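**Q** Have a look at this one.
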Amino acid sequence: MVALPKLYVARLLPEPVMTVIRERFCLTAAPQVGAPNRTALRDGLREAQAAICTLTEGIDGDVLKAAPHLRVIANYAVGFNNIAVDEAKAKGVVVTNTPDVLTEATADLTWALLLATARRVPEGDRLVRSGAWTGWEPTQLLGADVCGKTLGIIGMGRIGRAVARRAKGFDMPVRYYNRTTLDPSTLNDQWRPTSWQEVLAGSDFISLHVPLTAETHHLIGSAELRLMRPTAYLINTTRGPVVDEAALVAAIQEGRLAGAGLDVYEQEPALHPGLRTLPQVVTLPHLGSATLNTRIQMGMICVQNILAVLEGRPAPNRVA
Ligand code: DGY
C-alpha cells in the first residue's frame, strides 16, 4: 500500500474539507480550534510534506527551518502576509493562496459593515435587547444616508471591484485609487480613477482593499485621516495594520471622522481600547470570508494546490 502524504493542518476546517483531507493525507497532528502556539506549529510541521495554514500562523524563517520535508504551504486565505514568502521560495517551498472564491463573500461583508456603521445597526440592536427602548422617536439613532453618496475604494483588485459593483444598487458614484494600472476590461466606465488625495477627500465612504505589505502598513494614518471629510466613514475588511488604530480613534474622538466599520485589527484578537468604547465604530471578528460555502471552497482549493505540488504539477494558486 502506498503511504499517504503527510499533511499538517493548523486549524480545524469545515467538515466536508476535513473528510477529503482524511481520505487523501496522513495528518501529522490533530487539527485544532484556536491558533496553535509556536511549539505546536513546529511539532506539526516537523514531518510534514505539506501544510494548510491560516492567517494567524506566522510562518517565518525559524518555523521553516523546523520543517525539513515541507514542499508546499497552502494558506487558507487570499492574504499571505503571515508567511515569509522569500524564505519559503529560497527553501523551494511553494506557497499558495485562495483567491476568487472569497471575493463575493468579502464584498458582501464590506457592505454589511458599511450599512451597519452608517445606519447604527448594532446600537439599535443593543437598545432593543436591553429593554430600554421606549418606542419610536423622531430623533432616535439618526444615521447617515448611504444611497447617492460617493464610495471611495483604495485597492481595486478583485474584492475592491466586487464592492464597487454593488454600489450600483445604491446609486453611488465610485471613485478609486489603485497603485498600478489596471486591465480596462475589468473596470466599469462609471468608476472614476482618482488621485490618492482625491479619493480620501472626496468620498463619503472609504473602503480599503489593499494587501498588507511593508508599503501598506499604516497606509491610513493621521495625515490621511485629516484629508477625509468629518462626515466620512472608513471601512476596513482587509488587514488591520493597514490602518493606524490610535490615529483612527483620535480622529473619531475629535470629530474629524464620522465613524468606522472594522472587520480586522492591528493586533488581532486584541482591540485598541478606544475602539471598544466608541459607538461610532462597528466591530466584527474578521468575518470577511465567513460563509460556509466560501470556507469549504477555500479548503478544497488548498487541497487542490497541495496535490498539484506533491504530484509534480504546477500549483494553480501559487504566490511564491
Ligand atoms: C483572507 O482570505 O485573507 C481573509 O482575511 C481570511 O478570511
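The values are calculated or read from the model by the stated rules, or taken from the named source; none is laboratory data. Just so it is clear, the structure is predicted and the values come from calculations on it, not from any experiment. Cβ placement follows ideal geometry from the backbone for every residue including glycine, while neighbour counts extend to all protein chains displayed.
**Q** Counting only residues that are part of a loop (DSSP other than H, G, I, E, B), under 25 Å from the mean Cα position of the chain (by Cα) and over 14 Å from ASP62 (Cβ atoms), how many does region 27-46 have? Write out each step before concluding.
**A** Start the filter on region 27-46 by keeping residues that are part of a loop (DSSP other than H, G, I, E, B), which leaves 28-31, 33-37, 46.
Okay, now just the ones that are also under 25 Å from the mean Cα position of the chain (by Cα), so 31, 33-37.
Restricting the remaining residues to those that are over 14 Å from ASP62 (Cβ atoms) gives 31, 33-36.
Here the count works out to 5.
**Q** Suppose we filter region 284-307 for residues that are more than 17 Å from GLY79 (Cβ to Cβ), of a type in the set (Val, Ile, Thr) and within 15 Å of the ligand (Cβ to nearest atom); how many remain? Break it down into steps so the answer makes sense when it comes.
**A** Of the residues in region 284-307, the ones more than 17 Å from GLY79 (Cβ to Cβ) are 291-293, 296, 300, 303-304, 306-307.
Filter once more, so that each one left must be of a type in the set (Val, Ile, Thr): 291, 296, 303, 306.
Next cut, within 15 Å of the ligand (Cβ to nearest atom) only: 291, 296.
Count: 2.
**Q** If you take the residues of region 73-84 that are under 11 Å from ASP60 (Cβ atoms) and within 14 Å of the ligand (Cβ to nearest atom), which of them is farthest from the chain's Cα centre (by Cα)? Lay out the reasoning, then the answer.
**A** Taking region 73-84 as the starting set, the residues that turn out to be under 11 Å from ASP60 (Cβ atoms) are 82-84.
Adding the requirement that they be within 14 Å of the ligand (Cβ to nearest atom) leaves 82-83.
Working: ASN82: 12, ILE83: 15 Å.
Here the residue is ILE83.
**Q** OK, next. If THR180 meets every condition in (1) more than 23 Å from the chain's Cα centre (by Cα); (2) exposed (fewer than 13 other Cβ atoms within 10 Å of the Cβ) apart from one, which number is that one?
**A** The single condition THR180 does not satisfy is (1).
**Q** Here's a follow-up. How many residues are over 19 Å from ALA77 (Cα atoms), β-branched (Val, Ile, Thr) and touching a Leu at 6+ places or on another chain (Cβ under 8 Å) when one looks only at region 1-52?
**A** Number of matching residues: 1.
**Q** Among the residues of region 29-47, are any within 16 Å of the ligand (Cβ to nearest atom), closer than 17 Å to VAL85 by Cβ and surrounded by fewer than 19 Cβ atoms within 10 Å (Cβ to Cβ)?
**A** no
**Q** Of the conditions (1) at pLDDT 95 or above; (2) more than 18 Å from VAL93 (Cα to Cα), VAL2 fails just one. Which one is it?
**A** (1)
**Q** Hey, among the residues in region 262-282 that are over 11 Å from the mean Cα position of the chain (by Cα) and within 15 Å of the ligand (Cβ to nearest atom), which one's surrounded by the most Cβ atoms within 10 Å (Cβ to Cβ)? Reasoning before the result, please.
**A** Filtering region 262-282 for residues over 11 Å from the mean Cα position of the chain (by Cα) gives 266-282.
Checking the rest, the ones that are also within 15 Å of the ligand (Cβ to nearest atom) come to 266, 268-269.
Values: GLU266: 19, GLU268: 15, PRO269: 9.
The selected residue is GLU266.
**Q** Sticking with this structure for a sec: Do any helices (runs of 4 or more DSSP H) lying entirely in region 90-193 carry at least 2 residues that are within 16 Å of the ligand (Cβ to nearest atom) and in contact with a His (Cβ under 8 Å, 6 or more places away or on another chain), and which ones are they? I'd like the intermediate steps shown before the answer.
**A** Numbers: elements: 103-118, 121-130, 158-166.
It comes to 158-166.
**Q** Something else about it: Would you please name the residue that is nearest to the ligand (Cβ to nearest atom), looking only at residues in region 199-242 that are closer than 21 Å to LYS168 by Cβ and not in a loop (DSSP other than H, G, I, E, B)?
**A** Step one: list which residues in region 199-242 are closer than 21 Å to LYS168 by Cβ, which gives 199, 202-209, 232-233, 235, 237.
Then drop every residue that is not not in a loop (DSSP other than H, G, I, E, B), which leaves 199, 205-208, 233, 235.
Working: VAL199: 22, PHE205: 20, ILE206: 19, SER207: 15, LEU208: 12, TYR233: 21, ILE235: 14 Å.
Result: LEU208.
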